[in-house]
Every structure is written in C-alpha cells, then in structure tokens.
Amino acid sequence: MMNFDYDLFVIGGGSGGVRAARVAAGEAGAKVALAEEDRYGGTCVIRGCVPKKLMVFASEFATLPGEAAAYGWDMSLGDFDWTRFSGHLNAELDRLEGVYRSLLKNSGVDTFDARATIRDAHTVQLSSGESFTAKHILIATGGHPVRPDIPNAHLGIVSDDIFHLPKLPKSVLIIGGGYIACEFACILNGLGVEVTQYYRGAQILRGFDDQARGMIADHMREKGIDLHLGTNILEMAPAAGDHHLSVDGLVPGAAMGASVRASGDLLATSDHHEGPVWVKASNGSQQVFETVLFATGRDPNSRNLGLEEIGIELGRRGEIRVDEYSQTAVPSIYAIGDVTNRVNLTPVAIREGMAFVETVFKGNPTPVDHDLIPSAVFTQPEMGTVGLSEEDARAQEPVEIYCTSFRPMRTAFAGQPDRVMMKLVVSRATRRVLGCHIVAPGAAEMIQLAGIAVKMGATKEDFDRTVAVHPTMSEEMVTMRSPTRTA
Ligand code: NDP
C-alpha cells in the first residue's frame, strides 16, 4: 500500500474547505493539510457575506432619525465617515481571518500560504515549490465575480472591490438584478450614494417569488434607487473632464478610442479604473457615473488547477462536475462549495464539507441534501424564502395561496409607507406548506425558523395550530385563515 504524506489535502481556505479540514482532522483523526493562496475565510468572511452584512447595518442608520422623531427623540443624522467605517471593518476582517487560522491550527491541520495545483490523482504541487501526496484531495476554491464581455469592462468594479474603495462615490451604476446587485443598491443608497441600477430582465431577483420581487423593487424605488428594468449597458468609456454626477448627453473621453478589450474574469480586481465612466444604455440614455459596479454573476475558480489534465470534468461555466457525494470523475478527488456551482451559499458549502468527511473519513456515505434550503436577500426590506415560489408551485400542482401585506407597527407609527408581506404556498392535495416567503425587516431571522417547520413537512393546519406571538409582524404567519387565491 502506498504511503501518503497526508490523508487529506484541502485546496482553499474558505468556509467549506476550513470546515472539512478541521472536522476531518479534529473529529476523524485524519492527517490533514490545507493550502490557501489568499486570505483565510474565503469569499464569505473576507469579501462577501460578513463585510456585506456589516455594510447593511451601517446603511440602515440612515432612516433612524426620521423614525426617532415620531417616537419623541430629537436626533439628527451627521455625516457618514467611510474611512472610519472601513477601517473598523477591515480590522474586524483581520480578526476573523485570525480566528479561521487558529481553528485550523488547533485542529492540527498543517496550513500552507500558497497556490496549489493538482499534478495527479494523489499529488498537490504548491507555488512555494513543495509538493505533497494525499490519499484524498478536496477542492474548495470557491468562485469569483465576472464582468460581462463588453469593451472597457475593466472600467467597472466588482463586489470584491467595494470593501477597498478609498472613498464612497457620489454616484454609482449597478449592472445586474441578482442578490449582489440588489443588496448593494440598497446598501449604497442607504449610505447616501446616488444609485442607478440596470437590469436586463423584466423584474429583479429572477427565480424568487414574483410578488416578493415586485414588492422589493417598489420599495427600492421608493427609497430613491433609480431602477431601470429591461435595460442593459451597451458601451462604456472613461468620461472626459471632471464629472461626478449623472448627466445626460456627455461624451466619452479620449481613451474611448483605445477601447481596451475586457478580459472579464481574468482581470485582477485591483485593476479597475478610478474616475468617472461614461455609459451608453440600451434605453438610449448616455450618462456619466462616478463608479460602475458589475454584479453580473460569479464563476467557479477551477481554471489553471490542472483539473482537465487529470480527467476532472468541468461544466459550461467551469464548475467541477461531482456526484451526490461531491466526488469527481477522479475517485480520490472531491469538490465542494461554489467551485461546483450547485447552491452557492456558505452554509451549503459547509454542509457539503461535513457530508464529505462523513462519507470519506467516517465510513458513513452521506449525500448532500439540497432540498428546501432557506435563504435571504439582504435588501431593504429583506426577503426570506424557503421552498417553492407561487409560480413554480402552481406549475407543479394545485395550490392555495395565503398572503397578507400590511404596514408594520413600528414604521407606520412614524408615518412611513413601508409595507411587509407574509406568504404561504400550500399544496391542496397534501396541505403541506410548499413555500414560505417573507418581505420584512428581519425576514432573514424569521425564515430561518419557518424553514424548520417547512423542512419538517408542516401543513397549513400545523401553522394554524401555533399560537400567535403578539404584537409581531410574523404572527400573521399563523393567523391567515382563508386563502387569498387558489390555482
Ligand atoms: P446572480 O447570478 O444572482 O445574478 C447575476 C445577475 O447579473 C442576474 O441578474 C443576471 O441577469 C445578470 N447578468 C448576468 N450576465 C449579464 C450580462 N452579461 N449583462 C447584464 N446582466 C447580466 O449573481 P450574483 O453575482 O448576484 O450572486 C452570485 C451568487 O452569490 C448568488 O447566486 C448567490 O448564490 C450568492 N449570494 C448570496 C447572497 C445571499 O445569500 N444573501 C448574497 C450574495 C450572493 P439574468 O437574471 O437575466 O440572468
């Protein structure tokens, strides 16, 4: 039998890789190594969920003085100091990265600050020159934001860049209508940036419940976001002169002729241009924005790892093809998280990592359960969702829809127009709740708990048997007596 340097070599120190490494080492007693070329913590901790959520908190203070006045407080909004906030934010990220490093160290995982490539089914080559053999290799390299393939796309930034902006722009154009586009539209709007958003489709947040999408779009507009649907960017160029506001009819600057071809995802994120950008849109408008943010999707980090050379199959976007146990076509190599482009969420990558350890190191083959994953979009208001949208459920079987929309007590008292929505999609045949959709402040917290009931297979009658907690917004979830519509 061949002797390996390690039982497991993990490539990638993000949420999925770190969890798998430390559980394999700490709980299953495996000899484990992990290589990370960038910062420990990965997208979620360093340039995703965590800094994004802290920015959501920062942006929400903007509405406080208005509300506070109705509650008898004299409060005025001072200036938002980006430098102070981002300094604090980066210190927090440094702390969290340290936590991730020590979690690995305390579990006995050997870590390498290097880029790893795969040489054969059991060999990992590091950029430091070292190479190691391992019985199993786990690829958990995540994904990266991509720019559309248009000339001068390098003039725009991507989500990774936001946390490193030297100052907040006065105006931003956001391209896209997915999670990242909508969340940053709300965050930047809350921080006082003039936000314009172009989405090429008919409604933002494709794939989510239609009614919830419509409600969020309405609120985003009410809060001042200039949202254009059915609109895309056609051309962009450095703007001439010193323009910082969106002004119709401005002409592109001299660099237009140079028309740098976007190498899209290959661009280093720090490579972006600083200075105003002239944009021509599919609706005919021409405007100048201080910053253009592409939130046009993410691709798996699977290139230049040596994968195709050893027979690992990649899909159209570069995702590593795996089976339900996260095993690739090379039996000793597994892949989890965004690099497999299944459900690209941190807790899912963590689940996949745990299932991998169960399967490979604990002798308990565990397929990953991707059914009924609750999730949230941190727009303002938030959306929390689990299960089928009304549209998908109707296409599947006869359903009853229970839905209520109302002005919540807290903001209604302050005279604000905000509305919230609670919705249950119920199977007429089994009475099971097939989908639950919440648009409300705190919807993410609510859906986590509603998700337990839905995952357990709760029926509408189970919801009805539950006594309301009063006065709350979520009590409406258990007090909707008659269907709003049947289909
Ligand atoms: P999404 O895939 O959610 O959205 C990409 C958006 O860009 C879509 O609106 C898409 O339009 C649009 N788009 C794609 N290509 C182009 C193009 N060439 N020109 C114009 N528009 C284009 O990706 P995100 O980057 O927003 O997020 C990536 C993933 O990260 C999410 O799917 C999610 O899994 C995860 N995430 C989760 C969060 C959370 O849980 N709260 C927060 C942030 C990210 P169309 O709809 O027409 O395809």
Top-ranked residue of the stretch 141-151 - restricted to ones that are more than 10 Å from the ligand (Cβ to nearest atom) and surrounded by 24 or more Cβ atoms within 10 Å (Cβ to Cβ), ranked as farthest from I11 (Cα to Cα): G142
Residues being more than 18 Å from A349 (Cβ to Cβ) and more than 27 Å from the chain's Cα centre (by Cα) - total across the stretch 113-141: 18
Of residues in the stretch 12-44 being in a loop (DSSP other than H, G, I, E, B) and of a type in the set (A, V, I, L, M), the one surrounded by the fewest Cβ atoms within 10 Å (Cβ to Cβ): A28
Condition check for V439: at pLDDT 95 or above and within 16 Å of the ligand (Cβ to nearest atom): yes
Residue check, T459 out of contact with any His (no Cβ under 8 Å at 6 or more places or on another chain), farther than 30 Å from V56 by Cβ, surrounded by 14 or more Cβ atoms within 10 Å (Cβ to Cβ) and free of Cβ contacts under 8 Å to residues at least 60 places away in the same chain: yes
Residue in the stretch 88-110 that is assigned to a strand (DSSP E or B) and either on the phi < 0 side of the Ramachandran plot or among the basic types (K, R) (or both) present: yes
Of all residues making up the stretch 382-403, the number that are part of a strand (DSSP E or B) and over 21 Å from M220 (Cβ atoms): 6
Some residue of the stretch 301-321 being touching a helix residue (DSSP H, G or I) at 6+ places or on another chain (Cβ under 8 Å), assigned to a loop (DSSP other than H, G, I, E, B) and either at pLDDT below 95 or among the hydrophobic types (A, V, I, L, M, F, W, C) (or both): no
Members of the stretch 162-188 found to be more than 25 Å from A202 (Cα to Cα) and either near the ligand (Cβ under 9 Å from one of its atoms) or more than 15 Å from the chain's Cα centre (by Cα) (or both), listed by number: H164, L165, P166, K167, L168, P169, K170
From the options F413, F406, residue that is more than 16 Å from the ligand (Cβ to nearest atom) and either crowded, with 22+ Cβ neighbours inside 10 Å or under 20 Å from F463 (Cα atoms) (or both): F406
Selection from the stretch 322-351 of residues that are out of contact with any helix residue (DSSP H, G or I) (no Cβ under 6 Å at 6 or more places or on another chain), under 12 Å from I139 (Cβ atoms) and assigned to a helix (DSSP H, G or I): D338, V339, T340
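The values are calculated or read from the model by the stated rules, or taken from the named source; none is laboratory data. Note that the coordinates shown come from a computational prediction; the quantities given were computed from them, not determined experimentally. Counting neighbours? That spans all protein chains shown, and the Cβs are built from the backbone with ideal geometry, glycine included.
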